[in-house]
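Okay, so here's the structure we're looking at.
The values are calculated or read from the model by the stated rules, or taken from the named source; none is laboratory data. Remember, predicted model here, so these are calculated numbers, not experimental data. Ideal geometry is used to build each Cβ from the backbone, glycine not excepted, and the neighbour counts take in all protein chains shown. Just so you know, the surface numbers come from the protein's heavy atoms only, side chains and all, with ligands and any DNA or RNA stripped out. Shrake-Rupley method; radii C 1.70, N 1.55, O 1.52, S 1.80 Å.
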Amino acid sequence: MLFWVFIISWLLWKWLTKPLYIGAAISILLYCVGFIGSKFIPNIFCIFTAFQYMPFFYLGMVIRLKQEKNECLHITKIKAIYWIIADVAVFGLIQMLEVRNTSSILLIPIEFLLHIIGALMAFVVLQKLANRINWRESKRFSVLRKNSMPVYLFHQQVIYLFISLLNGVINPYLHAGINFIGAMVISLLISTSLMKFKRTRFLIGEK
């Protein structure tokens, strides 16, 4: 999926870096294509999944471009606690609507909004933590930083394994905790093992 997202962004770079409303419109259009297409056409090579991730990739791309130009990021002016409250509130609204068997047509845009708010919330909260804590002196953080890309590559597959084994078998809150901790630990162990050898480092794109 990530491979296709990079390819799509490269092909559409000229238009995505136009005024924000043009890039946003293109990414949302691609999201709709991916959402509708996946319902009727086999999602071969996760192409439709890549389309559905484009708005979030575009959002990160805009933030990065503004950082490189030292432009003001207005989202960081909002306190992290407000982002957390907004994320929880929209999530709660979706749960309430699902209990009332609300039409899925209404839920789709609200769920999309939840993903956008969640992504911005995570960015703002992590930026605040990064500014307050000296992570560079932490040996544990150093290990995570060096293995961040391999962990990113492997964590989803580990999560799928836990879901297939535990979904519907144990308490969902316990399942979420096991998913998070297990995915981080196992993918980190895989990453550190692969990073020890030159050939395996090459296979995951590391020097």
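Structure summary
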quantity	calculated
Accessible carbon and sulfur surface of the stretch 65-198 relative to its total accessible area, %, 1.4 Å	66 percent
MRE, 222 nm, helices only [DSSP H, n ≥ 4, -39500 (n - 2.57), over the chain, to nearest 500]	-26000 deg cm²/dmol
Size of electric dipole in the stretch 103-207: Cβ of Lys, Arg +1 and of Asp, Glu -1, about Cα centre, debye, nearest 20	780 debye
Check: the stretch 21-133 dipole with +1 on Lys, Arg Cβ and -1 on Asp, Glu Cβ, in debye	320 debye
Local electrostatic count at E71 - Lys and Arg +1, Asp and Glu -1, tallied over other residues with Cβ under 15 Å	+3
Per-residue ³J(HN,Hα) for the stretch 114-120, Karplus 6.51 cos²θ - 1.76 cosθ + 1.60, θ = phi - 60°, Hz, x for Gly and Pro	4, 5, 5, 4, x, 5, 5
Phi-based couplings in Hz for the stretch 34-41 (Karplus 6.51, -1.76, 1.60; Gly and Pro marked x)	x, 5, 6, x, 5, 7, 10, 10
Per residue accessible area in Å² of the stretch 82-207, where ligands, DNA and RNA are left out and the probe is 1.4 Å	74 Å²
Accessible area per residue, Å², the stretch 1-73 with all protein chains present, probe 1.4 Å	66 Å²
Answer label for semi-axes √(5λ) of the Cα gyration tensor in Å (calculated), chosen among [x] 28, 24, 22; [y] 70, 27, 17; [z] 35, 17, 15	[x]
Dipole magnitude of the chain, debye to nearest 20 (Cβ charges: Lys/Arg +1, Asp/Glu -1, about Cα centre)	940 debye
